[in-house]
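The values are calculated or read from the model by the stated rules, or taken from the named source; none is laboratory data. Note that the structure is predicted; figures quoted are calculated from it, not measured. Cβ atoms come from the backbone with ideal geometry, glycine included; neighbour counts cover every protein chain shown.
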Amino acid sequence: MSKMAKFFLEKNSMALIEFENETYVSFQSFPFTPIIHLIDALYSRFPDRARLMVRSRIFCNYQPTVACLAAVKVSAKRLSFDKSRCEPRPWVDLTHSAAAPIFETRTSPTSPEQTEIVTDFEQHEKTHTELKKNQPQHQLDRPVRAWGYSSSDQRIWITRNLSSLNPMRHAEWCLAYSILEHRSRVETFEPLNFAIWVSLKPCKMCAAIISQLASAAPQGSTVQVKFLRNDPGPMATHTVLDGKITQMS
Ligand SMILES: [Zn+2]
C-alpha cells in the first residue's frame, strides 16, 4: 500500500444513509473519505433518485474532514457524527462502486505552456456555448475545465465539470480523483510535483479536495494551483486554498 493510501486509511471509518427501509454504507475507500465516497456512489448508482436519497441525514463514525463537510454542503443535506448509528446491520455496501470519469489523459515530456491551457479553456467555453443552444436548461454544466500535470511522470489529466450528472463532479474534483486513483495504482514513494490549472477559481469543496491531494502526497512533493477566472460567489470565497493559489495573468 502506498503512503498516500495509508494517509487516508482509518480503520473502519464509515458513513451511511438510510432511505426507504434500506441502509447504504461506504467504508474508507481510497482516495476519498467514506462520506465523500458515499455521496458520489449514490449519485452514480442511483441517478434517478439520488437527489431524494441525500435529503436523509448521513451518519459517520469519524470526525468529518473539511472536504467531507464541503461535499455535504454541495451535494447533500445533513450530516451527523454518531458512532452508535454505525453498528453492523444489513446494508448495501457501496464502497467499491463508482469511479470518476477521466476526460482525457496523455503524456508530455515538458510542462504544458500557459498559452496552450488558456487556448484550451477558451475553446472549451466556445464549444459549450454552441452545445448550450440545443440543450434543456437542467442539463447545463458551467463550462469549467481543469488541467493537471505531473512532472514526476510527465502525465497530463484534463477534466471538465460534470455536475449535471453528479453534483460532486466539478472539474477539479474529477481531476483530483483521477490523479489520486492513478497514484494509488503506481504506488510510488517518490515526491510528486503537480501543477493544476482551473478555468474558474475552485469552490470550497474542490479546494478542500485539492488540499487533501497535497497532504496525501509523499514528503517533499509540491502541488501548485492556478486559476484563470475568479469566482466571486459565496462557495468560492474563503476556501482552504486562499492565499496558496494564484490567478493566471
Ligand atoms: Zn468545485
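Here is a yes/no grid of residues against (1) closer than 28 Å to LEU38 by Cα; (2) in the same structural domain as GLN224 (by TED's automatic domain parsing); (3) of a type in the set (A, V, I, L, M):
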position	(1), (2), (3)
THR127	no, yes, no
PRO143	yes, yes, no
TYR177	yes, yes, no
GLU181	yes, yes, no
VAL186	yes, yes, yes
PHE194	yes, yes, no
VAL198	yes, yes, yes
CYS203	yes, yes, no
Restricting attention to segment 38-49, does a residue exist that is farther than 29 Å from ARG145 by Cβ and assigned to a loop (DSSP other than H, G, I, E, B)? yes
Yes or no: LEU69 of a type in the set (A, V, I, L, M), outside any loop (DSSP other than H, G, I, E, B), at pLDDT 90 or above and more than 16 Å from the ligand (Cβ to nearest atom)? no
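Quick grid of which residues meet (1) within 30 Å of PHE46 (Cβ to Cβ); (2) small (Gly, Ala, Ser); (3) within 16 Å of the ligand (Cβ to nearest atom):
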residue: ASP153; (1), (2), (3): no, no, no
residue: CYS203; (1), (2), (3): yes, no, yes
residue: CYS206; (1), (2), (3): yes, no, yes
residue: PHE227; (1), (2), (3): no, no, yes
If you go through segment 129-159, how many residues are at pLDDT 90 or above and farther than 25 Å from THR222 by Cβ? 1
Members of segment 229-249 that are within 12 Å of the ligand (Cβ to nearest atom) and among the acidic types (Asp, Glu): ASP231
Boolean, PRO101 is at pLDDT below 85, under 21 Å from the mean Cα position of the chain (by Cα) and not hydrophobic (A, V, I, L, M, F, W, C): yes
The lone exception for GLY220 - which of (1) away from the ligand (no atom under 13 Å from the Cβ); (2) surrounded by 22 or more Cβ atoms within 10 Å (Cβ to Cβ) it fails: (2)
Residues (touching a residue at least 24 places away in the same chain (Cβ under 8 Å), hydroxyl-bearing (Ser, Thr, Tyr) and not in a loop (DSSP other than H, G, I, E, B)) located in segment 229-249: none
Kindly check whether there is at least one residue in segment 76-94 that is within 16 Å of the ligand (Cβ to nearest atom), assigned by TED's automatic domain parsing to the domain that holds SER56 and buried (at least 16 other Cβ atoms within 10 Å of the Cβ). yes
